Protein chains: 2
Amino acid sequence: MRISELSAKSGVAIPTIKYYLREGMLHQGEQTAATRAEYDETHLRRLRMIRALLEVGRLSVASIKKVIAAVEDESLPTHRVLGTAHYALSPAVDPEQTEEWRSARALVDDLVTELGWDITEEAPTRDELAQTIVRMRQLGLSIDLAPYVEAARRLVSEVEMDVIPFDGPRDAAVEAMVLGTVLYGRALDTLRRMAHESESARRLAP
Amino acid sequence: MRISELSAKSGVAIPTIKYYLREGMLHQGEQTAATRAEYDETHLRRLRMIRALLEVGRLSVASIKKVIAAVEDESLPTHRVLGTAHYALSPAVDPEQTEEWRSARALVDDLVTELGWDITEEAPTRDELAQTIVRMRQLGLSIDLAPYVEAARRLVSEVEMDVIPFDGPRDAAVEAMVLGTVLYGRALDTLRRMAHESESARRLAP
């Protein structure tokens, strides 16, 4: 297809497509004349992945380039590629040099071991969870995470994994993973706040 | 207690306490001399609520003033006060004038009715969920929300409601509600991403 059709099908404007081509985020099309190139499904798929990372995941162009480098590195197993996208979605957390922090981080590491979860040592989610635990302790909230672990495990294994096309091209898998993680996460957060409103109304009804 | 003790106990700096007093966010202490006032537990509680809204909820001072007005309005039932805090935590969403939007919003309203949830017509969570549904449909994701509704309902009614002191002073209830909603929400989101990493590693293991 020509660049105009690629633009129409992907919903990405032509100048933006040209920018991605210049930046190496999108591979060149097949040159069929001096000013004309042909694009195919692989270009469409890459553009869909970039859009998902940009618009739904709200990643910076620099972070998207890292995900693309992982997608294109054939020596990486697919779940490491998905991991790279996941890590890019995680907020940056600076570990604190305090006893509180070390204790919270140890609790997270023990939890991961206990659950038998296959998560790298470098996963930023470990520090992210440690930070939340530090705040909970400082504020006197219970840190019984068991019901949250159970809910997360069930939603991910029974629903969210099924929408990821593990067998297909990696950019399609990354796209599906980012969309699923972010959008189902938003829906869940909103539904929790709705349940809160309803439940407090019920408990406090005259 | 003197303002210095109030500051030490609340972790809020004296100039900040004076700012809250000037802005009417904190009620005046009892004047015991020309330059000296006595503060009590009600001041401490209010400062804790303001800190929770500001630091954990990341609300603006303008939004916090609205929550304080609700806390102080004795004609409002407590669950409406909690609702005001909840609504302040919700991102602002602009309804779109499209058929897609109306259909998503109708789906949300039907869901609330079906579940028998006690949620006001004006709850911003209705539009927030509608927006997520519009995005999901545009991106071709399934919108079977049942497992999310079930998870939200269970976590809220079995865990999160129990930490809110409904019988006590309203600012303590608002504080607990905000801390619980935001921090357990963060923990859940991180745990979902951890489960994602582990589950994809497991499914894709060689």
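Across peptide A:68-78, the average count of Cβ atoms from other chains found within 10 Å of a residue's Cβ is 1. The overall shape of the range A:79-132, judged from the alpha-carbon gyration tensor, is oblate: a/c is not under 1.5, and a/b is no greater than b/c.
Helix B:99-115 and the long axis of chain B differ in direction by around 70°, with both axes built from C-alpha atoms. Per residue of peptide A:86-98, the mean number of Cβ atoms on other chains within 10 Å of the residue Cβ is 1.
Projection of the Cα convex hull of the range A:142-190, averaged over all directions and equal to a quarter of that hull's surface, yields 4.0 nm². Projected label points at residue B:99 and residue B:34, each 7 Å from Cα along the beta carbon direction, are separated by 7.6 nanometres.
Note on the protein assembly as shown: Cα-only Rg and Dmax are 24.4, 89 Å.
Solvent-accessible surface of chain B, taken per residue with a 1.4 Å probe and all protein chains present: 47 Å². In this structure, residue A:110 and residue A:22 have a Cβ-Cβ separation that, at R0 = 41 Å, corresponds to a calculated FRET efficiency of about 0.30.
For the range B:39-87, the Kirkwood estimate of hydrodynamic radius, built from reciprocal distances between every pair of different alpha carbons, is 11.2 Å. Once the C-beta distance of residue A:137 and residue A:2 is scaled by a Förster radius of 56 Å, the resulting FRET efficiency is 0.40 to the nearest 0.05. With one equal scatterer per alpha carbon and no solvent term, the Debye-computed log10 I(q)/I(0) for the range A:8-114 at 0.18, 0.21 1/Å reads -0.96, -1.17. To the nearest 10, the accessible area of residue B:86 is 10 Å² with a 1.4 Å probe.
Can you give me the Rg/Rh ratio for the range A:99-206, using Cα atoms for both radii and the Kirkwood formula for Rh?
1.04
The distance between label points at residue A:60 and residue B:60 comes to 2.5 nm (points 7 Å beyond Cα on the Cα→Cβ vector). Distant-in-sequence amide contacts of residue B:37, defined by a placed amide H-H separation under 5 Å and a gap of 5 or more residues or a different chain, comprise B:3, B:32. Distance from the Cα centroid of the range A:98-159 to that of the range B:44-66 is 26 Å (rounded to whole angstrom).
Here the protein assembly as shown is treated with +1 on each Lys and Arg Cβ and -1 on each Asp and Glu Cβ, and its dipole about the Cα centre works out to around 1020 debye.
What a 1.4 Å probe finds exposed on the protein assembly as shown is 49% carbon and sulfur by accessible area, rounded to a whole percent. Close lysine pairs were tallied over the protein assembly as shown: pairs 8 or more places apart or on different chains with Cα atoms under 17 Å apart number 4.
Averaged over the residues of B:172-180, the number of partner chain Cβ atoms lying within 10 Å of the residue Cβ comes to 2. Size descriptor for chain A, Kirkwood hydrodynamic radius: 19.8 Å (Cα pairs only, one decimal).
Take residue B:99, push a point 7 Å out from Cα through the beta-carbon direction, and compare it with the same point in every other copy: 6.6 nm, smallest first.
The values are calculated or read from the model by the stated rules, or taken from the named source; none is laboratory data. Remember, it's a predicted structure, so these values are computed and weren't measured experimentally. Cβ sites come from the backbone with ideal geometry, for glycine too, and all protein chains shown count toward neighbours. When the accessible area is computed, the model is the full protein with side chains, heavy atoms only, and any ligands, DNA or RNA have been set aside. Shrake-Rupley method; radii C 1.70, N 1.55, O 1.52, S 1.80 Å.
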